[in-house]
Amino acid sequence: MSDIKKIAVLTSGGDAPGMNSALRAVVFSASQFGIGVTGILRGYDGLLDWETRELALDDVRNINNQGGTILYTSRSERFLQPQYRKQAAENLKRHGIDALVAIGGDGTLRGAIAFQEEGINTICIPGTIDRDVSCTEYTLGFDTAANTATEAIDRIRDSSVSHGRCSVVEVMGRKRGYIALWAGMAASADAIVLPEKWDGNFDSVTDTIKRRHADGKNSYLVVVAEGVTDAPELAERIREHTGIDSRVSVLGYVQRGGQPTAKDRMYGSLMGAFAIELLHQGKENRIVAIKNDLLVDYDLAEAVEIQNNQLDSFQYELSLRLAESITP
Ligand code: F6P
């Protein structure tokens, strides 16, 4: 068992629904072990500038249902540089902090790995709508974002059907296609364009639209992940090759906001509590992850080597098969 008395917690990178649940569980669980929690505001930047607030139980009540992160966030350029990481470590040591919990995506994890050199014990919790942290099957925020995107696409479809147009909808995900695959399949898209499967050939999309047109369909839906191509260019190609009026909707930040789903609240709570459990057990420099739907933990440096969340080919092929069999 560890003799940790005080920890700090921060959220970093793109905000993700479920981060607040993780934070709440960190503070509640820490208090059960008699550990005090300092909240660092604005991610790694706040660590450098020592922008903080002490977190008591009352500070994290009624936040489970809130989107965003009550600690605010940043993408810190300074933290990429060793001299600033040294300064951040000195700040933590000067304030008697024994360990750091960092909630965020791939950039947050890489920052934590570099931070090990400064002798700071960091536990990471994967939180990003992109689901692009390679060692875990789930990252906080994905479920909410996929549901938000699905709902938005359903609305766009209504207008698309009324006007007999093709809608090209761009969703987030950085270099990953999870949001596009899930929202595209859930909204019965005619074509889903994913970074993991993209070969640069626009014909595959325009041919699909032409086939659907020949089947008698009069409106079309294409969902494209932001990591693939420019959605306006794709719409232009569709227009050129099919003659069908094609309109673009970029969903953007609407996907990152809003009330977390039950899944994100639940996983946030589990991951937050598990992070404290790891610290209590005396573990150092770990990331919380989900494997076979169970909580596990990995060494931070090893975690970036693990590649177990490649987009599932069966899911992708099914999305193609279902698109071809949709009735007009
Ligand atoms: O990583 C989450 C994410 O929303 C990505 O999907 C997107 O590419 C990026 O963040 C946008 O980042 P920013 O908030 O810096 O514009």
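The values are calculated or read from the model by the stated rules, or taken from the named source; none is laboratory data. Quantities reported herein were computed from a predicted structural model and do not represent experimental measurements. Cβ coordinates were reconstructed from backbone atoms using ideal geometry, including for glycine residues, and neighbour counts include every protein chain displayed. Surface accessibility is based on the protein's heavy atoms, side chains included, excluding ligands, DNA and RNA. Shrake-Rupley method; radii C 1.70, N 1.55, O 1.52, S 1.80 Å.
Summary table below
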item	result
Test: THR206 is of a type outside the set (D, E, K, R), in the same structural domain as ALA180 (by TED's automatic domain parsing), over 23 Å from VAL26 (Cβ atoms) and surrounded by 20 or more Cβ atoms within 10 Å (Cβ to Cβ)	yes
Counted residues, the stretch 211-227 - those being open to solvent by 30 Å² or more (accessible area, probe 1.4 Å) and closer than 15 Å to VAL168 by Cα	3
Total residues in the stretch 123-148, condition more than 11 Å from the ligand (Cβ to nearest atom), assigned to a helix (DSSP H, G or I) and open to solvent by less than 60 Å² (accessible area, probe 1.4 Å)	4
Residue in the stretch 1-12 that is nearest to the ligand (Cβ to nearest atom), counting only those that are of a type outside the set (S, T, N, Q) and open to solvent by less than 10 Å² (accessible area, probe 1.4 Å)	LEU10
Top-ranked residue of the stretch 156-183 - restricted to ones that are in a loop (DSSP other than H, G, I, E, B) and open to solvent by less than 10 Å² (accessible area, probe 1.4 Å), ranked as nearest to VAL223 (Cα to Cα)	GLY177
Where a residue in the stretch 224-236 is more than 14 Å from the ligand (Cβ to nearest atom) and its partner, wherever it lies, is open to solvent by 30 Å² or more (accessible area, probe 1.4 Å) and not in a loop (DSSP other than H, G, I, E, B), with Cβ under 6 Å and at least six apart	PRO232/VAL248; ALA235/VAL248
Residues of the stretch 23-53 classified as within 16 Å of the ligand (Cβ to nearest atom), under 19 Å from the mean Cα position of the chain (by Cα) and assigned to a helix (DSSP H, G or I), total	2
In the stretch 149-177, the residues that are near the ligand (Cβ under 10 Å from one of its atoms) and over 28 Å from ILE40 (Cβ atoms)	VAL171
Verdict on GLU317 being without any contact (Cβ under 8 Å) to a residue 12 or more places away in the chain and acidic (Asp, Glu)	yes
Single unsatisfied condition, SER249 versus (1) under 26 Å from CYS135 (Cα atoms); (2) among the hydroxyl-bearing types (Ser, Thr, Tyr); (3) open to solvent by less than 60 Å² (accessible area, probe 1.4 Å)	(1)
Test: residue in the stretch 264-273 that is open to solvent by 30 Å² or more (accessible area, probe 1.4 Å) and small (Gly, Ala, Ser)	yes
